[in-house]
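Please treat every number below as a calculation from the coordinates, not as lab data. Worth saying up front: this structure is predicted, and the values here are computed from it rather than measured. Cβ: placed from backbone, ideal geometry, glycine included. Neighbour counts: every protein chain shown.
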Amino acid sequence: MTFERALNLAASFKCVGLTGLFASGKSTAAKMFSKQLDAPVFSLAGEVRKEGGKAGLEPSVENLRRLANDFRERFGAGVWAERAVKGMQASGSEWVVAESIRSPAEVSVLRKFFGKNFFLIEVRAPLAARFERFRQTARGREFSSLGEFKAAEDKQVKGPELSQSIQDAAARADFVIDNSGTVDDLGARVKSLAARLKPAK
């Protein structure tokens, strides 16, 4: 089935999309929305990591950024969202969650497919808090200082058309969730927003 033909099937789907900077809490929020909406999670970043694994790349932030942008240049700026949509179509779920949206083109693909049933959410947290959270992950040793972390992040925040531009993606958000507090705080905010979205038609 082509992507264009699939547009006709999107009326029965609803999608929560998550964007945000490094370690803002997107993955945690995605799991929480998944529980609240009984929705499978489709990670655009996961699609990039799959391709990186096939190519035998070390899964560093810089390697994956370059790979993602290379595919955008070769196959179109919205390629990672289009790949995720294929999995969403096969899920059979009323709700799905799209995690790690990093460019306006990816937002456009999802809005085109889901129409009014797409809800983009930016997850926000302060820089220092995000750095500390990143240090607790499996890739935590990748950056030895807050400055290195910020420099790597800046490459994703604002970029040309065929690259990552989280700032421009986030500017299109329908909702913003503050994740400067505890996991329980985030859970409460996700639960509240999910309750607001459920009756949306």
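Counting lysine pairs in the stretch 56-201 whose alpha carbons fall under 26 angstrom apart, excluding pairs fewer than 8 residues apart on the same chain, gives 12.
Against the compact-protein benchmark of 2.2 N^0.38 Å, the Cα-based radius of gyration of the stretch 22-126 scales to 1.06.
Selection among Gly147, Thr137, Asn179 by position relative to the dipole of the stretch 123-193 gives Thr137 as farthest towards the positive end (Cβ unit charges, Cα centre).
Counting pairs of Cα atoms in the stretch 3-197, how many percent are more than 27 Å apart?
Working: 4771 of 18915 pairs.
Cα-Cα pairs in the stretch 3-197 separated by more than 27 Å: 25 percent.
Taking the chain as a Gaussian network of alpha-carbon nodes connected by springs under 10 Å, the highest mean-square fluctuation of the residues Leu127, Leu18, Leu57 belongs to Leu57.
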